[in-house]
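K.L.:
Here it is: the structure, laid out below.
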Amino acid sequence: DTGNGEQLYECPMCSLTCTNIQILEEHVDLHLQEQSFSEGGNMRDLELAQRLQTEEDKWQRSEEEKREREEFKKLQRQYGLDNSGGYKQQFLKNMEREVDRGRMQPFEYHKRKADMMECLAFGIDDGKTKTSGVIEALCKYYQNENKDVRHVWLSTGVDHFQSSLGDRGWGCGYRNFQMLLSSLLQNSSYNDCLRDTTLIPSIPKIQSMIEDAWREGFDPHGASHFNNRLHGSKAWIGACEIYSLLTSLRIKCQIIDFHKPTGPMGTHPRLFEWVLRYYSTENEGGAKVVCTSKPPIYLQHQGHSRTVVGIEEKKNKTLCLLLFDPGCPSQEMQKLLKQNSDGTSLKLLRKFVVSLKEKQYQIVAVDGVLSLEEKAARCHASQVLTSEKIP
């Protein structure tokens, strides 16, 4: 009341005073409309933000799935599981490239193609990347070497096999198996195991031999990784496939896993010590050069494998492995056959402790023949081990 008889009405929302109740009602209605509009706007903003976030999440999932598919395809290509063909297709493609670049004549292309197809038909290696006699040449060299080698132990004779046009970039595991097999074929102790394998098999034949081992029941978990198929692919193989193949042939072997460095700066001195024991056991004595009856050793690390054919012990007691590498050209290996070698070519083979610094290594070492019962037991053991790995 203003005192002069005029009634005033105060807005409950903003304290504005009105002289008429109708004006106040209209004023309050405006407040309510404004508040409703504001709340509706906020809701629309929230819905818009939620929709944008949903679209962003969907886009991110799509991009992640795309990256995963690309990574998977990259891994498939890297490990030869992309259905791009195998040894034969790569061999022909690389020869065609050589012809296009003028480095191979067409008549040579057709001759090599015919030779390759014949070897594949018979399942044997063509031997064109093979170097024989290196171990014998090394034995002669070390007999005359008088600088810093105190002892050296060498494996039995073994041929070196270089990767070729058909398997360059992925065939090291198969080539190392050929090296190991070339040694076993020279040892009469393995005649019974290898009576069906008198010649070095081609890479496609080795792939079929591994598939046969899988069909026998060896390493079902590893087989599933390759969808039970190697032949016709460029799939990389490793220590487990070599073990399965050798065991299926009744060749006694073991896998030793050096799963972490055991020395300073990421080195693996225990690997070297193991190789020394392998070659020196039963071959101890005062002789400087010991040509043992031991087969070479398959050595695997991430992305590559090589063959250990011996070990040096220097006068200062340091150790040095002697390795055959499938990536080493045959022309370089031929240099090791020269009797008057001054030892410089040995740089191709020598690997000291500081040279092997991968995170982990695996070796496959052969040590005798299995009976049929022992073979069956090992096959069963690989199946049990697989069942334990799978949740």
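K.L.:
What longest region of the chain stays clear of GluC sites (Glu not before Pro) that DSSP places outside H, G, I, E and B and that have at most 12 other Cβ atoms within 10 Å?
P.N.:
7-281
K.L.:
Taking a 31 Å limit on the Cα-Cα distance, which of the listed pairs Lys130/Lys234; Lys294/Lys338; Lys66/Lys205 fall beyond it?
P.N.:
From Lys130/Lys234; Lys294/Lys338; Lys66/Lys205, over 31 Å: Lys66/Lys205.
K.L.:
Work through the residues other than Leu92 whose Cβ is under 12 Å from its Cβ and net out their charges, Lys, Arg +1 and Asp, Glu -1.
P.N.:
Once all neighbours under 12 Å are counted, the net charge is +3.
K.L.:
For the chain, what is the calculated [θ] at 222 nm in deg cm²/dmol (nearest 500), taking -39500 (n - 2.57) for each run of four or more DSSP H residues and dividing by its residue count?
P.N.:
-15000 deg cm²/dmol
K.L.:
For region 123-389, what is the accessible area per residue in Å² when the probe is 1.4 Å?
P.N.:
Result: 45 Å² of accessible area for each residue.
K.L.:
Looking only at the chain, where both bridge partners belong to it, what percent of the DSSP beta bridges are antiparallel (to the nearest 5)?
P.N.:
Taking every DSSP beta bridge within the chain, about 90 percent pair in antiparallel fashion.
K.L.:
Which percent of the accessible heavy-atom area of the chain goes to carbon and sulfur, probe 1.4 angstrom?
P.N.:
50 percent
K.L.:
Taking 0.36 nm per residue of sequence separation and subtracting the Cα-Cα distance, how much length would be gained by fully extending the chain between Gln60 and Leu30, in nm to one decimal?
P.N.:
Computed gain between Gln60 and Leu30 is 6.4 nm.
K.L.:
Please identify, among Asn94, Asn316, Asn20, the residue showing maximal mean-square fluctuation in a Gaussian network model of the chain using a 10 angstrom Cα cutoff.
P.N.:
Asn20
K.L.:
Could you state the angle between the C-alpha long axis of helix 239-248 and the longest principal axis of the C-alpha atoms of the chain, as a value from 0 to 90 degrees rounded to the nearest 10?
P.N.:
With rounding to tens, the tilt is 50 degrees.
K.L.:
Continuing with the same structure: Give me the dipole magnitude in Debye, nearest 20, for the chain about the Cα centre, with unit charges on the beta carbon: positive for Lys and Arg, negative for Asp and Glu.
P.N.:
Taking the Cα centre of the chain as origin, the dipole is about 3880 debye.
The values are calculated or read from the model by the stated rules, or taken from the named source; none is laboratory data. None of the values given here were measured: they were computed from a predicted structure. Ideal geometry is used to build each Cβ from the backbone, glycine not excepted, and the neighbour counts take in all protein chains shown. Side chains included, ligands, DNA and RNA excluded: accessible areas come from the protein's heavy atoms. Shrake-Rupley method; radii C 1.70, N 1.55, O 1.52, S 1.80 Å.
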